[in-house]
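Okay, so here's the structure we're looking at.
Read the figures in this text as sums done on the coordinates, not as results from a lab. What you see is a predicted model; the values in this text were computed from it and never measured. Counting neighbours? That spans all protein chains shown, and the Cβs are built from the backbone with ideal geometry, glycine included.
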Amino acid sequence: EVMDGTSRQFMRINNDVYCHLPDGKHVRLERNALRRFFPALLPAQPASLLDFYEAKLGGIERVAGRTCQVVTLAPRDGYRYTYNFWLDTRTGLPLKARIVNDSGSVISILVFSEIQIGKVPDIRNDMAGKIVQKTQPGKPVMNDWNVTPPPGYEQVQEAVRVLPGKRAPVTHLVFSDGLSVAREVDGYIVTTLGEVPNMALIETGNSATRK
């Protein structure tokens, strides 16, 4: 549940994400097999992150009533932010995640306020009487752009999307190093967006050329 701003509640079941909209009548369903959602933020092979992040053990703290080991992933270069994870000592599940930029400001925090591990929720009551709106995933395309992302980043998704207020469709490219994500949108004007340092966005955008 979003604690600040407009009230929204998210529910994830595997790769299906349900967003309960503020009107209380509609639920938006997004299916995405590639994108990872909290708490499943770490890649399948976490050791691969050590080429670009330094892992540091912190103290023992409690989150949602459970004991957690704090782990920090500090970037080895200027292309990434610092990640703090609070890992449940019994299961290894991240119960809290925080992204901090190079000036020490917090970019985002994801945290469980309460959790029951091992119990399968019954969503029928939450969905009763609501209209489910399925979002349409972007269509895969043959990309006609060359983009050289920063070291450690790889392209993980590519699609054509129609954006509100845009007549022509745009090409949407997603790059990730396993944690950070840099997005590139082509609508003849190249725009780079993402929760990554400006250096990563600038170099990614400057590298974009037509094939």
By count of other Cβ within 10 Å, fewest leading, how are Tyr81, Tyr18 ordered? Tyr18, Tyr81
Label point distance in nm, Leu163-Ser48, each placed 7 Å from Cα along Cα→Cβ: 2.8 nm
State which entries of Lys25/Lys96; Lys134/Lys166; Lys56/Lys96 exceed 28 angstrom in Cα-Cα distance in the structure shown. Lys25/Lys96
Residue span Ile107 to Ala128: 0.36 nm per residue of separation minus Cα-Cα distance leaves a gain in nm of 4.0 nm
